[in-house]
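The values are calculated or read from the model by the stated rules, or taken from the named source; none is laboratory data. Here the structure is a predicted model, which means the values were calculated and not measured. Ideal geometry is used to build each Cβ from the backbone, glycine not excepted, and the neighbour counts take in all protein chains shown. For the accessible areas, the whole protein counts, side chains as well, though only heavy atoms, and no ligand, DNA or RNA atoms are used. Shrake-Rupley method; radii C 1.70, N 1.55, O 1.52, S 1.80 Å.
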Amino acid sequence: MKTTNTNSKELYEQHIVGNYPVAPLTLVKGEGSRVWDDEGNEYLDFSSGIAVNTLGHAHPLWVQRLGEQASTLAHCSNLYRNPNQALLAEKLTDLAGAGKVFFCNSGAEANEFLIKLARLYGRDMTGVEGRRYEVLTVKNSFHGRTFGGMAATPQTKIQKGFAPMLEGFAHGEINNLESFEALITDKTAAILIEPILGEGGILPCSVEFLRGIRDLCNRRGLLLLLDEVQCGCGRTGRFFAFEHAGIRPDAIGMAKGLGAGFPIGAVWVDRKFASLFTPGSHGSTFAGSPLACAAALTTLEIMENENLVEKVAQRGAQFRESLEKLAQHHPDKIKEVRGLGYLLAMSPVGETPPLQAALRERGLITAGGAAVRFLPPLNITEADLEAGLKIIEAALSEL
Ligand SMILES: Cc1ncc(COP(=O)(O)O)c(C=O)c1O
């Protein structure tokens, strides 16, 4: 294909829908925890493509396996079995418990499945379609940009312009069990929760709250659905974030880190509820392809072989301590440090973008939003973590 203009900034302005606040940086290459822009500048990557690049960039085994699978069988639809999908589903049930797996391509799609599961469950309980269908979610949480995801995400900035929202959602306060109990009606079918609110600025649900919600769901006959799209796949130092609370959900949505950069989403459903879906009740053309599943299988294999979840738990705690020390030195700039493992945030006294820009100018890229999020690859070296801390220290001193 002939291209006449190689200036990405201009091409973006001319041809890309402007729905993202894009940073002034064109990335062209990655290796390990580092990326390079089109001017040859090197950056430490503490954003991991918003918690996606579990293994950093260009992990040799991941690259090799994707190449092998692409040259063998990339896609075959869900009308035929493929061995990688079967193996990955088995692996995910080993991790989550006795249940079954639905594959999709993104976090929002995982949540659509969870919302549909709630509706099927509600119908099953009453025998009448549409009698129990309401899903309760947490204010400030984020569940994606589809109509189901938006309705589950009670934020004006997400919903603005797209009214009317999908019906059947109500929202309680994080870590306030009573606020959820008060919302339950004879229409409620499920509670959908992010164990750690990622886009909300890394706001953890307390262990007591998650246990209380599990108990509430048991008492009132509701499904407990967990959105582990951002906080799952080892990022908090356990494979699933809910494990810190020792609870067992009825279904878990995953995406982001599962394929370490190849798009794949999945939902694990407890065996009791998996049969609510029957042939034709849901689907996705691309989901669970041999290629996507090879990416996820390889990711899980490397995570296991390199003990990445344990490393995240240990090094994440040290990293958080160092961030807290920095925050204590700069109370005029940093309000708080939050999170677990490699799902950490510093909330600045002022706006997030200036601190993010200061870090970027010094060679560290991060994820933004309600706070500056530090989401390094799970296999980052101690030397790179240390180098990142030095940049954060310098930026806070000089800002
Ligand atoms: C917790 C959570 N759920 C759902 C989503 C939506 O995922 P996707 O952008 O892959 O649709 C995100 C994305 O940031 C997320 O953090």
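Listing for the model above:
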{"item": "Segment residue 155-residue 78, extension gain: residue separation times 0.36 nm, minus the distance between their alpha carbons", "result": "24.2 nm"}
{"item": "Modelled FRET efficiency - R0 56 Å, residue 170 with residue 6, Cβ distances, 0.05 increments", "result": "0.65"}
{"item": "Dipole moment magnitude, nearest 20 debye, the chain about Cα centre, only Lys, Arg, Asp, Glu C-beta charged", "result": "940 debye"}
{"item": "Candidate aspartates and glutamates - alpha carbon under 20 Å from residue 116, same-chain residues fewer than 8 apart omitted", "result": "124, 129, 134, 167, 186, 194, 227, 228, 250, 270"}
{"item": "Region 73-305, dipole about Cα centre (Lys/Arg Cβ +1, Asp/Glu Cβ -1), debye to the nearest 20", "result": "320 debye"}
{"item": "Separation in nanometres of the label points that stand 7 Å from Cα toward Cβ, at residue 318 and residue 285", "result": "4.8 nm"}
{"item": "For residue 56, residues with placed amide H under 5 Å, excluding near neighbours", "result": "378, 379"}
{"item": "Residue 386-residue 131 pseudo-label distance in nm [points 7 Å out on the Cα-to-Cβ vector]", "result": "6.5 nm"}
{"item": "Simple spin-label estimate for residue 325 and residue 215 in nanometres, 7 Å along Cα-Cβ", "result": "3.9 nm"}
{"item": "Charge dipole (debye, nearest 20) of region 255-399; +1 at Cβ of Lys and Arg, -1 at Cβ of Asp and Glu", "result": "400 debye"}
{"item": "Residue among 369, 40, 212 with the largest mean-square fluctuation in a Gaussian network model of the chain, springs linking Cα atoms under 10 Å", "result": "40"}
{"item": "Whole-percent carbon and sulfur share, accessible surface of the chain, 1.4 Å", "result": "53 percent"}
{"item": "Antiparallel bridges, percent of DSSP beta bridges restricted to the chain (to nearest 5)", "result": "65 percent"}
{"item": "Across 91/325; 91/311; 100/157; 160/272; 157/256, pairs whose alpha-carbon gap is larger than 32 Å", "result": "91/325; 100/157; 160/272"}
{"item": "Within the chain, helix-based [θ] at 222 nm, where runs of 4 or more DSSP H residues each add -39,500 (n - 2.57), nearest 500", "result": "-12000 deg cm²/dmol"}
{"item": "Cα gyration tensor, region 73-305 - rounded (a/c under 1.5), prolate or oblate", "result": "prolate"}
{"item": "Spatial separation of Cα centroids for region 328-342 and region 83-125, in angstrom", "result": "36 Å"}
{"item": "As computed over region 261-399, the Cα convex hull volume per residue (Å³)", "result": "163 Å³"}
{"item": "Solvent accessible area, Å² - residue 223, 1.4 Å probe, full protein context", "result": "0 Å²"}
{"item": "Å³ per residue enclosed by the Cα convex hull of the chain", "result": "155 Å³"}
